[in-house]
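Shown next, in structure tokens, is the structure this report addresses.
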Amino acid sequence: MIEIADPDAMRAWSRAERKSGRTIALVPTMGSLHEGHLRLIDRVRERVDRVVVSIFVNPLQFGSTEDLGAYPRDLDRDRAAALGRGTDGLFVPTAEVMYPAPAVVRVVPGSLADSLCGAQRPGHFEGVLTVVMKLFNIVEPDLASFGRKDAQQAVVIRRMVTDLNLPIEIDVAPTVREHDGLAMSSRNAYLSEAERRVAPALARGLDAAHEAFLGGERGVDRLVAAVRAPIDAEPALELEYLEVVDPVSLTPVETAEAASIMAVAARLGAARLIDNIILGEGTGADPRVGQ
Ligand code: AMP
């Protein structure tokens with residue numbers, strides 16, 4: 001596995017690989033790798049000749065009051081984990097090489113950032129799209145894989161690729177969950193033991209809503225109530241949003257349909273948890289790890 005920090009060197013490596021006829025996939029991450037990230041590597045490993053994993057905690061996507069400074073970082077562990085899953089290239093730029101000058105020109109997500117996390121985190125998806133566009137331009141992959149756990153992010157990135165004619169296939173992978181249903185996240189490291197026991201309430205609520213949906217329920221209010229019940233029972237969980245949205249426009253729907261996205265965010269101590277299901281799919285098919 002080659003490790004590269006310089007964007008020009010990264011592009012030169014990719015171009016040399018491409019010149020030799022090899023295809024390339026990119027898995028963008030902010031590091032602190034867990035099984036959710038590693039399954040993204042597994043998915044693309046099967047499909048291309050060279051897998052590049054980027055690790056970059058992108059300052060542009062953090063609000064001024066958010067956890068940029070506290071975000072967990074452990075490059076030694078990440079290096080071993082990425083290597084263990086067959087990564088060929090690890091791209092680990094610094095903020096200084098990614099943003100040698102202030103990021104004046106950016107990619108804007110438009111109305112897709114008006115709901116869900118976009119409404120709660122002004123500028124977040126502009127930061128995400130801008131860094132993903134930069135990573136695409138540096139690595140020049142044929143394929144890039146993202147997790148459905150960040151459902152709005154996946155929709156916004158797919159739309160960027162369509163609207164801006166980027167020659168890259170986007171793969172979206174199922175959410176990898178802990179044994180009790182909690183969606184894996186680097187930010188779960190912020191949870192105390194007591195909070196960790198509370199956290200699966202989000203997934204339990206989504207499962208309950210999914211059961212109701214499968215039973216024929218299409219009323220958004222009743223589906224929302226099903227998610228809320230286990231969340232409201234935990235005083236430590238502070239609901240931030242809970243919405244059923246259209247999978248293309250991300251605007252709230254009046255009646256739930258198959259493929260509508262039901263998404264939830266809640267604060268729990270120092271952590272902000274997000275999770276979602278695609279109605280009709282639920283969490284049942286999502287891979288789980290642990291005992
Ligand atoms: P992050 O490092 O949190 O920015 O995530 C990097 C990529 O991994 C994104 O495409 C995420 O959606 C994806 N990801 C994070 N957690 C999970 C998970 N539990 N299951 C599947 N993909 C995930």
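In table form, for the structure just shown:
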| read-out | value |
| --- | --- |
| Boolean, GLY127 is within 19 Å of ALA189 (Cα to Cα) and open to solvent by less than 30 Å² (accessible area, probe 1.4 Å) | no |
| Matching residues, the range 155-175, being within 10 Å of the ligand (Cβ to nearest atom) and open to solvent by less than 10 Å² (accessible area, probe 1.4 Å) | ILE157, ALA173, THR175 |
| Among (1) under 24 Å from ARG45 (Cβ atoms); (2) in contact with an Asp or Glu (Cβ under 9 Å, 6 or more places away or on another chain); (3) hydrophobic (A, V, I, L, M, F, W, C) - the single one LEU166 does not satisfy | (2) |
| Those residues of the range 130-145 which are outside any helix (DSSP H, G or I) and open to solvent by less than 10 Å² (accessible area, probe 1.4 Å), in sequence order | PRO141, LEU143, ALA144, SER145 |
| Failed item in (1) within 12 Å of the chain's Cα centre (by Cα); (2) farther than 16 Å from LEU40 by Cα; (3) of a type outside the set (Phe, Trp, Tyr); (4) within 10 Å of the ligand (Cβ to nearest atom), with SER145 passing the rest | (2) |
| Contacts under 9 angstrom Cβ, first residue in the range 223-235 being within 10 Å of ALA208 (Cα to Cα), partner part of a loop (DSSP other than H, G, I, E, B) and at pLDDT 95 or above, 6 or more apart | LEU223/GLU217; LEU223/ALA256; LEU223/LEU279; ALA226/GLU217; PRO230/PRO200 |
| Criterion: closer than 20 Å to LEU129 by Cα, within 16 Å of the ligand (Cβ to nearest atom) and at pLDDT 95 or above - qualifying residue of GLY36, GLY63 | GLY63 |
| Pick from the range 176-190, criterion among the hydroxyl-bearing types (Ser, Thr, Tyr) and in a helix (DSSP H, G or I), ranking: farthest from the ligand (Cβ to nearest atom) | TYR190 |
| Which listed residue, of ASP221, ASP246, ASP275, is loosely packed, with under 13 Cβ neighbours inside 10 Å and either away from the ligand (no atom under 16 Å from the Cβ) or modelled with pLDDT of 95 or more (or both) | ASP221 |
| Residues (closer than 21 Å to ASP163 by Cβ and open to solvent by less than 60 Å² (accessible area, probe 1.4 Å)) located in the range 84-118 | ALA103, VAL107, PRO109, GLY110, LEU112, ALA113, SER115, LEU116, CYS117, GLY118 |
| Subset of the range 208-257 (residues that are within 20 Å of the chain's Cα centre (by Cα) and within 17 Å of ILE274 (Cβ to Cβ)) | LEU239, GLU240, TYR241, LEU242, GLU243, VAL244, VAL245, PRO247, LEU250 |
| Residues of the range 184-197 satisfying the condition of being of a type outside the set (Lys, Arg) and touching a Pro at 6+ places or on another chain (Cβ under 9 Å) | SER186, ALA189, TYR190 |
| Conditions (1) farther than 21 Å from LEU38 by Cα; (2) open to solvent by 50 Å² or more (accessible area, probe 1.4 Å); number of the one not met by LEU202 | (2) |
| Selection status of ILE24, more than 12 Å from the ligand (Cβ to nearest atom) and either crowded, with 19+ Cβ neighbours inside 10 Å or among the hydrophobic types (A, V, I, L, M, F, W, C) (or both) | yes |
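The values are calculated or read from the model by the stated rules, or taken from the named source; none is laboratory data. Just so you know, these numbers come straight off a predicted model, no measurement behind them. Note: ideal-geometry Cβ built from the backbone for every residue, glycine included; neighbour counts use all protein chains shown. All accessible areas refer to the heavy atoms of the entire protein, side chains included, with ligands and DNA or RNA removed. Shrake-Rupley method; radii C 1.70, N 1.55, O 1.52, S 1.80 Å.
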